[in-house]
Amino acid sequence: MRLSRRVSVAVVGLTALLAATACGDDGGGGTAVKNVEVFTWWADGGEKAGLDGLVGTFGTACPNFTFVNGAVAGGAGSNAKQVLASRLTQSDPPDTFQAHAGNELNDYISAGQIEDLSAKYTEWGLTNAFPAGLISNLTVDGKIYSVPANIHRANMLWGNKTVLASAGIAANATSLDAFFTDLDKLKAKGVTPLALGKDWTQLMLFESVLISNLGADKFIGLWNGSTPWDGADVTKSIADLQKLMTYTNKDRDTFDWTDAEKLIMEGKAGYQLMGDWEAADLDAKGFKDYSYTVFPGNTGVFQWLADSFVLPKGAKNAAGTECWLKTVGSAEGQKAFNTKKGSIPARTDAVAADYPAYQQTAIADWKSLKQVPSCAHGAGCSQGYMGALNSAMGKFSSDGNVSALQTALVAAAGQFAK
Ligand code: BGC
């Protein structure tokens with residue numbers, strides 16, 4: 001094809017413009033893409049405080065770029081993940097999105113939706129910055145696909161200290177049997193003994209019960225297919241869950257985790273099982289009268305999950321995303337984020353004394369306890385497996401049918417466990 005000179009100059013100009021846009025280098029001409037849309041579900045409370053911390057570091061480290069908040073509210077990404085899935089299907093990805101390390105991330109990798117970041121790890125000096133076990137949860141076929149922002153602990157029990165004291169509960173229960181005794185004491189006081197929310201929060205509670213009854217190794221086997229779901233220990237766990245449900249608020253299926261947390265803050269409930277984002281959220285909301293302990297029967301076990309950020313294929317501002325990812329992986333970014341988020345830094349060089357009291361205990365526990373993955377937060381299971389379990393939980397919450405739940409669990413594992 002022959003182009004007239006004027007047309008070819010215009011094409012060259014357009015190509016240069018597109019190149020500048022793609023690399024984010026505005027060269028002073030103001031033509032580059034500045035906006036970096038960061039897609040999360042951190043819209044409020046401690047989650048927003050953590051994100052704001054990271055955004056502050058990004059502003060200093062990446063002055064050529066502008067953070068654009070793409071957050072979609074809803075605990076555990078219950079709404080965000082649906083929005084994200086439809087945007088990815090329509091080839092309209094945000095510049096970066098939040099994804100859980102482990103099987104959830106693998107879903108995006110196998111769908112070819114995110115870029116290999118291995119070369120960036122070398123360039124940014126991240127290769128030895130994180131624990132080897134975590135790195136292997138971000139890697140497929142020797143390539144590493146995301147930058148972890150944190151480590152959260154899932155199997156924690158939060159309490160209202162005044163409510164617990166008024167029910168005569170002086171020490172934390174360390175077994176399920178002792179926990180039921182304490183729940184009875186709270187019931188006698190006329191408060192909701194155990195505040196609970198919808199499906200994914202019920203799955204978290206169930207996972208903690210499974211850890212108590214199966215122990216760490218057999219629990220891990222539920223996700224890789226080596227522990228069967230039709231065993232007597234799973235049946236007992238479902239029966240325990242059924243009994244626990246009788247101590248919870250009846251409107252649980254309409255509640256997000258923050259609604260259940262509100263019952264604790266208002267002195268209307270004694271306990272809530274939730275990940276340690278609750279520490280940051282209670283702090284952000286100014287509620288100080290809370291206790292925390294590992295879920296009864298989970299002593300010695302750290303049930304983990306990790307938030308990480310990715311570079312989606314087809315991101316409009318890859319250079320801006322790279323600056324965001326570099327910030328997420330930096331010592332400054334991890335500190336600004338995690339001191340406010342309730343999580344602990346994924347980096348191994350963090351200084352524990354920089355963190356609030358709860359995180360100092362979590363930093364020590366992460367190093368010394370047995371680590372098991374969370375399914376409700378994508379570390380242990382794929383999105384398909386998680387979705388099947390969440391809907392089985394929702395069904396069990398309304399029909400309380402033990403054998404129907406176990407059948408659903410066996411079917412889900414048959415389809416998704418690997
Ligand atoms: C995320 C946390 C978040 C929690 C509640 C989890 O899936 O990993 O960062 O705080 O959901 O929304």
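Rule-based calculations on the coordinates, nothing more; no lab input. Here the structure is a predicted model, which is why all the values come from computation and not from measurement. Glycine also receives a Cβ, built like all others from the backbone with ideal geometry; neighbour counts cover every protein chain displayed.
Annotations
- When V410, V36 are sorted by how many other C-beta atoms sit within 10 angstrom of their C-beta, beginning with the fewest, the order is V410, V36.
- The chain, dipole about Cα centre (Lys/Arg Cβ +1, Asp/Glu Cβ -1), debye to the nearest 20: 440
- Calculated P(r) of the chain - Cα pairs past 32 Å, %: 37
- Spin-label model distance (nm) - T293 vs N401, 7 Å beyond Cα toward Cβ: 3.7
- Cα gyration tensor shape for the stretch 268-418, rounded if a/c is under 1.5, else prolate or oblate: oblate
- Whole-number percent relative contact order across the stretch 69-173, with pairs defined as alpha carbons under 8 Å at least 6 apart: 21
- Helix-only mean residue ellipticity at 222 nm for the chain, each DSSP H run of n ≥ 4 adding -39500 (n - 2.57), per residue, nearest 500: -15500 deg cm²/dmol
- Take the Cα of K268, go 7 Å toward its beta carbon, and the backbone nitrogen atoms of the stretch 206-248 under 19 Å from that spot belong to 245-248.
- Fewest-first ranking of D365, D251, using other Cβ atoms within 10 Å as the exposure measure: D251, D365
- A simple charge model with +1 on the Cβ of Lys and Arg, -1 on the Cβ of Asp and Glu and nothing else charged puts the dipole of the stretch 241-315 at about 200 debye relative to its Cα centre.
- Dipole of the chain, positive end: most advanced residue of A239, S374, A61 [Cβ charges, Cα centre]: A61
- Relative contact order of the chain, defined on C-alpha pairs under 8 angstrom at six or more residues apart (%): 28
- Taking the fewest neighbouring Cβ atoms within 10 Å as the starting point, the ordered list for I344, I264, I220 is I220, I264, I344.
- Taking each residue as 0.36 nm, the span from A85 to A232 lengthens on full extension beyond its C-alpha to C-alpha distance by 49.2 nm.
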